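Below is one structure, written out as structure tokens; the observations come after it.
The values are calculated or read from the model by the stated rules, or taken from the named source; none is laboratory data. Just so it is clear, the model here is predicted, and its values are computed rather than measured. With ideal geometry, Cβ positions are generated from the backbone for all residues, glycine too; neighbour counts draw on all protein chains shown.
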Amino acid sequence: MILPIYIAILILLGLIGYPFWKKSYIVKKWRRSLKLDRHEDTFNRLFQDVNGFALSQKARSHQDAMEYTYGEIEFTSFIALIACTNPSPQTRFYDLGSGTGKAVFASAMVFRMQACCGIELFQTLHEAALQQQQKLQQLPAYHHCSPIRLICGNFLQVDISDASLVFINATGLFGETWEKLNHRLMHELQPGTIIITTSKPLISMPDFQIIHTTRVSMSWGIVTAYIQKR
Ligand SMILES: C[S@@+](CC[C@H](N)C(=O)[O-])C[C@H]1O[C@@H](n2cnc3c(N)ncnc32)[C@H](O)[C@@H]1O
């Protein structure tokens, strides 16, 4: 766990303007070991014409709430965050509120996992994610990437009981939705499941133990990420 955390810190320093990270031998070696240059290039090409912010804004013109606020992961910083949890071929990853699927695709492209699932409420965002899945399937280099499952639904209702790693971009989640989600996680996740939340930890202590905190870069800025264990 020490190496990914060190890498996460180095990448973050790079993001806030320290140029030395580019030269850092350790980060370069880490990027090479995960083939990050190739994956990031494919990821950027996959999403170059996808504007999740505009799709979300359009969808929210009919139904809006604070918890629907849109934002996205940044590729390298997110990969460094997931690497902190040591994903394996047994990992079943869920992104609760997956938007256009950036966190799901980044995970599936870089790591070998049993499944990478995204649950998104809005149909337009879900359909954009489905289109990227089709594009990815056409790339021979990604025929054997981790299986991707995209679900259009409410994360308060979809079954997530088989998850072993859950990511929640929780910065915009408050009030009743946040409380209900915490309640679900506490009652439905298996002991040992890792849950990552941004900006705030889960409410339900001591059922969840914070095993690490780090900083991660998102589309709207740098936030704290809490890595917790059920
Ligand atoms: C901040 S965005 C995060 C997108 C993606 N996880 C990422 O980090 O790149 C939060 C997403 O959660 C979705 N969302 C909010 N409430 C939801 C719910 N109850 N069920 C499913 N998705 C929800 C929003 O529509 C939005 O796309």
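Going by the structure shown, is residue 97 touching a residue at least 40 places away in the same chain (Cβ under 8 Å), near the ligand (Cβ under 10 Å from one of its atoms) and more than 20 Å from residue 32 (Cα to Cα)?
yes
In region 107-142, what residues are in a helix (DSSP H, G or I) and among the acidic types (Asp, Glu)?
Once the filter is applied, which keeps residues that are in a helix (DSSP H, G or I) and among the acidic types (Asp, Glu), region 107-142 yields only 127.
How about region 22-58: which of its residues are away from the ligand (no atom under 16 Å from the Cβ), surrounded by 14 or more Cβ atoms within 10 Å (Cβ to Cβ) and of a type in the set (Ser, Thr, Tyr)?
24, 42
Can you give me the ranges of the helices (runs of 4 or more DSSP H) entirely in region 7-58 with at least 1 residues that are at pLDDT 95 or above, closer than 15 Å to residue 79 by Cα and of a type in the set (Asp, Glu)?
Per the criteria, 36-47.
Of all residues in region 59-73, which are loosely packed, with under 14 Cβ neighbours inside 10 Å and in a loop (DSSP other than H, G, I, E, B)?
If the condition is that a residue be loosely packed, with under 14 Cβ neighbours inside 10 Å and in a loop (DSSP other than H, G, I, E, B), then 61, 62, 63, 64, 65 are the ones that fit.
Check whether at least one residue in region 75-92 is more than 12 Å from the ligand (Cβ to nearest atom), of a type in the set (Lys, Arg) and not in a loop (DSSP other than H, G, I, E, B), and report yes or no.
The answer is yes, given that some residue of region 75-92 is more than 12 Å from the ligand (Cβ to nearest atom), of a type in the set (Lys, Arg) and not in a loop (DSSP other than H, G, I, E, B).
If you go through region 59-68, how many residues are within 9 Å of the ligand (Cβ to nearest atom) and either over 16 Å from residue 95 (Cβ atoms) or among the acidic types (Asp, Glu) (or both)?
Summing the residues that are within 9 Å of the ligand (Cβ to nearest atom) and either over 16 Å from residue 95 (Cβ atoms) or among the acidic types (Asp, Glu) (or both) in region 59-68 gives 4.
Could you tell me whether residue 123 is at pLDDT 95 or above and away from the ligand (no atom under 12 Å from the Cβ)?
Criteria not met by residue 123.
List, please: which pairs have Cβ atoms under 6 Å, are six or more places apart or on different chains, and start with a residue in region 119-142 that is more than 13 Å from residue 105 (Cα to Cα) and end with one that is away from the ligand (no atom under 13 Å from the Cβ) and of a type outside the set (S, T, N, Q)?
From region 119-142, no pairs qualify.
Please go through region 185-213 and pick out each residue that is buried (at least 18 other Cβ atoms within 10 Å of the Cβ) and either under 19 Å from residue 102 (Cβ atoms) or within 15 Å of the ligand (Cβ to nearest atom) (or both).
185, 195, 196, 197, 198
Residues that are more than 28 Å from residue 39 (Cα to Cα): which strands (runs of 3 or more DSSP E) entirely in region 143-230 hold 3 or more of them?
209-218
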